[in-house]
1. Among the residues of the stretch 1-34, write down those that are hydrophobic (A, V, I, L, M, F, W, C) and farther than 19 Å from G94 by Cα.
2. For P113, state whether it is surrounded by 13 or more Cβ atoms within 10 Å (Cβ to Cβ), over 25 Å from H171 (Cα atoms) and at pLDDT 90 or above.
3. Any residue at all in the stretch 84-107 that's among the small types (G, A, S) and farther than 27 Å from E166 by Cα?
4. Going by what's in this entry, would H180 be described as part of a strand (DSSP E or B) and either more than 20 Å from P100 (Cα to Cα) or not aliphatic (A, V, I, L, M) (or both)?
5. Is it true that some residue in the stretch 163-174 is of a type in the set (S, T, Y), outside the structural domain of F332 (by TED's automatic domain parsing) and in a strand (DSSP E or B)?
6. Residues that are without any contact (Cβ under 8 Å) to a residue 40 or more places away in the chain, closer than 15 Å to K46 by Cα and among the charged types (D, E, K, R), at least 2 per element: which strands (runs of 3 or more DSSP E) completely within the stretch 69-132 meet that?
7. Looking only at the stretch 203-220, filter to residues that are touching a residue at least 60 places away in the same chain (Cβ under 8 Å) and in a loop (DSSP other than H, G, I, E, B); which one of those is surrounded by the fewest Cβ atoms within 10 Å (Cβ to Cβ)?
Amino acid sequence: MPFTVTVQPSGRSFSVEADEPVLAAGVRQGVGLPYGCKDGACGSCKCRLLEGSVLHTAHQSKALSPEEEAEGWMLTCCGLPQSDLVIESRTVVGAGEFAPRKMPTRVLSIERPAPDVAVLRLQLPANDRFQYHAGQYVEFILRDNARRSYSMANAPTRLGEPPSIELHLRHLPGGRFTDHVFGAMKEREILRMEGPFGTFFLREDASGPMVLLASGTGLAPIKALIEHMQDRNIIRPAVLYWGARRRADLYLHDWALAAAEALPWLRYVPVLSEPAADDAWTGRTGFVHQAVMADLPDLSGHQVYACGAPVMVESAQRDFVERCALPADAFFADSFTSEADKHAQTA
């Protein structure tokens with residue numbers, strides 16, 4: 001018998017099977033619950049459990065600690081209901097607009113803008129329009145039904161002809177999917193994917209200044225956001241901070257420079273954490289989120305959109321809120337959690 005979950009303060013209710021995570025049921029029924037990784041690693045779906053009980057499957061303690069669980073917090077992505085539930089969670093407008101669906105896709109091109117970065121163009125099924133919000137991601141379904149997630153790097157207004165999505169992948173040696181991408185993958189190969197997923201997209205009811213914060217291939221969804229704003233004539237002051245180790249890791253540096261030059265509302269600040277002598281780097285150095293804090297010590301009127309390595313996202317969220325007066329609900333993130341990250345420190 002299914003259970004009923006009621007979300008406060010919206011009052012929205014939906015049904016959940018006894019062995020089904022709350023988030024999966026919500027996504028299936030178009031309920032806009034916030035989430036990121038769906039694997040108990042990032043904590044984006046953490047919310048208050050007001051009534052009822054849940055059983056959590058394996059998750060990382062940094063996403064939900066035993067102390068937090070005892071205080072009444074839960075993760076919707078791995079919380080299995082044991083009764084009817086009442087939870088307290090903000091709802092994300094537009095999150096359920098495009099229902100995830102499975103589809104085949106064909107590899108159109110593979111480019112290597114950096115030694116360990118691949119840019120894939122994937123052709124979408126003909127006569128079957130794929131819709132998503134700029135900033136969302138798709139999951140590739142591997143042969144054993146394992147999944148790997150990657151964000152669209154082009155706005156939905158820029159699918160081109162034939163319609164295709166752009167993905168940025170960093171090679172993780174030993175990674176099942178990226179080893180294949182950087183090894184045997186050929187053009188015209190057919191892949192299976194499902195999407196769109198995620199609640200990382202522009203909150204268009206706001207008009208204040210934004211910080212767009214990326215590390216590594218976390219640039220991908222940020223690039224889609226910028227293209228979306230440009231194509232929809234959304235004019236908000238924004239500054240893109242892109243962090244990398246060395247100059248070669250800024251694999252779309254020229255694109256970012258051109259975007260900042262073309263868009264009066266956009267600035268671009270690249271930051272290298274470990275520039276090499278032969279980089280001849282004269283720009284900013286250090287941790288990218290600390291560069292934001294040095295330039296913008298008061299973030300009280302801003303929104304922040306952060307993507308990339310979990311340690312960067314976590315540090316930025318903590319420090320911006322605690323030290324720069326950023327409202328906690330003005331930080332939106334997509335933590336690029338690898339399979340190794342997901343299996344580390346699993347509770």
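The values are calculated or read from the model by the stated rules, or taken from the named source; none is laboratory data. All values reported here derive from a predicted model rather than from experimental measurement. Cβ placement follows ideal geometry from the backbone for every residue including glycine, while neighbour counts extend to all protein chains displayed.
1. Step one: list which residues in the stretch 1-34 are hydrophobic (A, V, I, L, M, F, W, C), which gives 1, 3, 5, 7, 14, 16, 18, 22-25, 27, 31, 33.
Matches in the stretch 1-34: M1, F3, V5, V16, A18.
2. When the stated conditions are applied, P113 does not pass them.
3. Initially, the stretch 84-107 is screened for residues among the small types (G, A, S), giving 89, 94-96, 99.
From what's left, farther than 27 Å from E166 by Cα: 89.
The answer is yes, given that some residue of the stretch 84-107 is among the small types (G, A, S) and farther than 27 Å from E166 by Cα.
4. Values: part of a strand (DSSP E or B): no; either more than 20 Å from P100 (Cα to Cα) or not aliphatic (A, V, I, L, M) (or both): yes.
Against the criterion (part of a strand (DSSP E or B) and either more than 20 Å from P100 (Cα to Cα) or not aliphatic (A, V, I, L, M) (or both)), H180 does not qualify.
5. Step one: list which residues in the stretch 163-174 are of a type in the set (S, T, Y), which gives 164.
Filter once more, keeping what is outside the structural domain of F332 (by TED's automatic domain parsing): 164.
Still in the list and also in a strand (DSSP E or B): 164.
Yes, the conditions are met somewhere in the stretch 163-174.
6. Values: elements: 73-75, 79-81, 85-88, 101-114, 117-123.
Answer list for the stretch 69-132: none.
7. Kept after step one, since they are touching a residue at least 60 places away in the same chain (Cβ under 8 Å), are these residues of the stretch 203-220: 203, 205-206, 208-220.
Imposing the further condition that a residue be in a loop (DSSP other than H, G, I, E, B) reduces the set to 203, 205-206, 208-209.
Working: R203: 14, D205: 6, A206: 12, G208: 11, P209: 15.
So, considering only residues that are touching a residue at least 60 places away in the same chain (Cβ under 8 Å) and in a loop (DSSP other than H, G, I, E, B), the one surrounded by the fewest Cβ atoms within 10 Å (Cβ to Cβ) is D205.
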